[in-house]
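Have a look at the structure that comes next, please.
The values are calculated or read from the model by the stated rules, or taken from the named source; none is laboratory data. Nothing here was measured: the structure is a model prediction, and the numbers come from that model. So basically every Cβ, Gly included, is an ideal-geometry build from the backbone, and we count neighbours across all protein chains shown. Just the protein is used for accessible areas: all its heavy atoms, side chains included, with ligands, DNA and RNA removed. Shrake-Rupley method; radii C 1.70, N 1.55, O 1.52, S 1.80 Å.
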Amino acid sequence: MKKPKNEIPLVDTAEQYLSLEKEINKEIVNVLASGQYIMGPKVEEFERAIAAYCEVKYAIGVANGTDALLLTLEALGIGAGDEVITTPFTFFATTEVISRLNAIPVFVDIDPDTYNIDTSKIEAAITPKTKAIIPVHLFGQPANMDEIVDIAEQRSLYVIEDACQAIGSLYKGRKVGSMGIAGCFSFFPTKNLGGFGDGGMIVTNDADLTSKVKRLRIHGSSQKYYHTHIGYNSRLDPIQAAALHVKLPHLDSYNQMRRKKAAIYNDSFKNLPLKLPTEQECSDSVYHLYIIQTPLREQLMTYLQEHGIQTGIYYPVPLHLQEVYQHLGYKKGDLPESEKASTCTLALPLYPELTKDNQSYIISIVRQFFKSISKK
Ligand SMILES: *Cc1c(COP(=O)(O)O)cnc(C)c1O
């Protein structure tokens, strides 16, 4: 198979814009002409659209996914000395916000098949200081929400869904973000609903949480220049909101295209010595990333790079072994599944616009790699 002219990127953020260029430009120009550059009707319309999409009552736009998590935790009263249970196999922001509030991340190992928090290990991590659980729907696949919500209800804990990688994915027919007290989304350009800069959203059915988060996002104030709390400046930009609103009606079809391409990879790789993504029967993953696992990761990455195919590692260091968390006292071997995933997993290019030809090329090069090593 012939090598494409250009390198195949791991993700392509411009293609989607180009296919909706006219509509997006029109919406952005409308915002520019309106003079309303902070908050306003475009943000409110997009919030309503996201709430409807996620089947919840309220949605609150914020500056990014990290702030969505931070403001939610703070509004729930999580603070100094409180413990929050989560997974070490996620992007750093998930626990950064816990630490930012002087609370303590408590790490529970992952299920080696789904890469999500192993729900059978949560109970053992609960102490009298535990206040919340943050399941991360990693790579677009929902965590086992029924088990998590059950445990949380018995122990009076909050469940905050880190759904930054999973907008649109379904767990037993329910949208992610709608099952905990709150769900947090990111519109970082590479996410499944990607903006043209930073953006984030909190979704919830809780009116009290909504008003607290709204207050935090504008300097702890419900009435202009009257401040009842120390807050933040964390608003969703109306230009982002307007552009994202154009993309939202296409999100389900984008996610379907990701699912189709993931199925093609799965089928093409089934006879290779690779661990492929496992999709749970009760859920529909939106394949934020397509992750394979092999002890030959480094060789495979180099081989693909030599053949013009970009790959990525998500994530090379599990959070319990990060330098900044040395003081928490975890050591190598404590959370073996997360550590194994960090050393053996690899993301292949996957995005709705990945062409048939390029995907076939990637598949043939992966096959060729395994052939070449079996000869040695
Ligand atoms: C992207 C991401 C975040 C943070 O979102 P930002 O918009 O970049 O702040 C948090 N958690 C997870 C799992 C993510 O993938």
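Under a 1.4 Å probe, what is the accessible area of the chain per residue, stated in Å²? Mind dumping the intermediate values first?
Values: 16820 Å² over 376 residues.
Computed with neighbouring chains in place, this is 45 Å² per residue.
Would you calculate, for the chain, the mean residue ellipticity at 222 nm contributed by helices, counting each DSSP H stretch of 4 or more residues as -39,500 (n - 2.57) and dividing by all residues, to the nearest 500? Before the final figure, lay out each step's value.
Values: 12 runs with 142 residues, N = 376.
Taken over the chain, the calculation gives -11500 deg cm²/dmol.
Additional query: Accessible surface of TYR351 in the full protein assembly, 1.4 angstrom probe, to the nearest 10 Å²?
Near enough 10 Å² of accessible area.
Report, to the nearest whole %, how much of the accessible area of the range 252-374 belongs to carbon and sulfur atoms, 1.4 Å probe, protein only.
52 percent
Among the lysines, select those whose C-alpha is under 24 Å from the C-alpha of LYS22, and discard any that sit fewer than 8 residues away in the same chain.
Straight-distance partners of LYS22: LYS42, LYS191, LYS247.
Expressed in nm to one decimal, what extension gain is obtained for the pair ARG367 and GLN36 from 0.36 nm per residue of sequence separation less their Cα-Cα distance?
Extra length available between ARG367 and GLN36 comes to 113.8 nm.
Here's something else I'd like to know. For the chain, set up a Gaussian network in which alpha carbons nearer than 10 Å are linked by springs, and say which option among LEU272, LEU170, LEU350 fluctuates the most.
Among LEU272, LEU170, LEU350, the largest mean-square fluctuation in the Gaussian network model of the chain belongs to LEU272.
Calculate how many DSSP beta bridges within the range 15-249 are antiparallel, expressed in % of all such bridges and rounded to the nearest 5. It would help to have the intermediate numbers written out before the result.
Numbers: 15 of 29 bridges.
Counting only bridges with both partners in the range 15-249, antiparallel ones make up about 50 percent.
Mean Kyte-Doolittle hydropathy of -0.5 or higher plus an axial Cα length of 18 Å or more: which whole DSSP H helices in the chain meet both?
On the way: long enough: 21-34 (19 Å, -0.22); 41-54 (20 Å, -0.17); 251-269 (27 Å, -1.15); 356-375 (29 Å, -0.34).
Those that pass (Cα extent of 18 Å or more, hydropathy at least -0.5) are 21-34, 41-54, 356-375.
Running a GNM on the chain with Cα contacts under 10 Å, which residue among GLY329, GLY199, GLY231 ends up with the highest mean-square fluctuation?
Looking only at GLY329, GLY199, GLY231, the largest GNM fluctuation is found for GLY329.
Pairs of Cα atoms under 8 Å, at least six residues apart: use those to get the relative contact order of the chain, whole percent. Let's see the in-between values first.
Details: 746 pairs, mean separation 83.3, N = 376.
It rounds to 22 percent for the chain.
Any idea how far apart ILE313 and LEU248 come out in nm if each label point goes 7 Å out from Cα toward Cβ?
3.8 nm
Let me ask something else about it. So for the pair CYS344, ARG100, with labels modelled 7 Å out along Cα→Cβ, what separation do we get in nm?
3.4 nm
Work out the charge dipole of the chain with +1 on the Cβ of Lys and Arg and -1 on the Cβ of Asp and Glu about the Cα centre, then indicate which of GLY35, PRO273, HIS227 is farthest towards its positive end.
The one lying farthest along the dipole's positive direction is PRO273.
Could you state the number of Å between the C-alpha centres of the range 207-252 and the range 81-111?
24 Å
Using 0.36 nm per residue of separation minus the Cα-Cα distance, give me the extension gain between ALA125 and GLU23 in nm, one decimal.
Values: separation 102, 0.36 × 102 = 36.72 nm, distance 4.92 nm.
Net length gain for the segment: 31.8 nm.
Please go through the residue pairs LYS5/LYS26; LYS57/LYS212; LYS3/LYS261; LYS260/LYS340; LYS5/LYS356 and name each one whose alpha carbons sit more than 22 Å apart in this structure. The partial results should precede the final answer.
Values: LYS5/LYS26 33 Å; LYS57/LYS212 15 Å; LYS3/LYS261 20 Å; LYS260/LYS340 28 Å; LYS5/LYS356 15 Å.
Result: LYS5/LYS26; LYS260/LYS340 exceed 22 Å.
Let me know the Kirkwood hydrodynamic radius for the chain, please, with Cα pairs as the basis and the value in Å to one decimal. Mind showing how you got there, number by number?
Details: mean 1/r = 0.0464 Å⁻¹.
After inverting the pairwise mean of 1/r, the radius is 21.5 Å.
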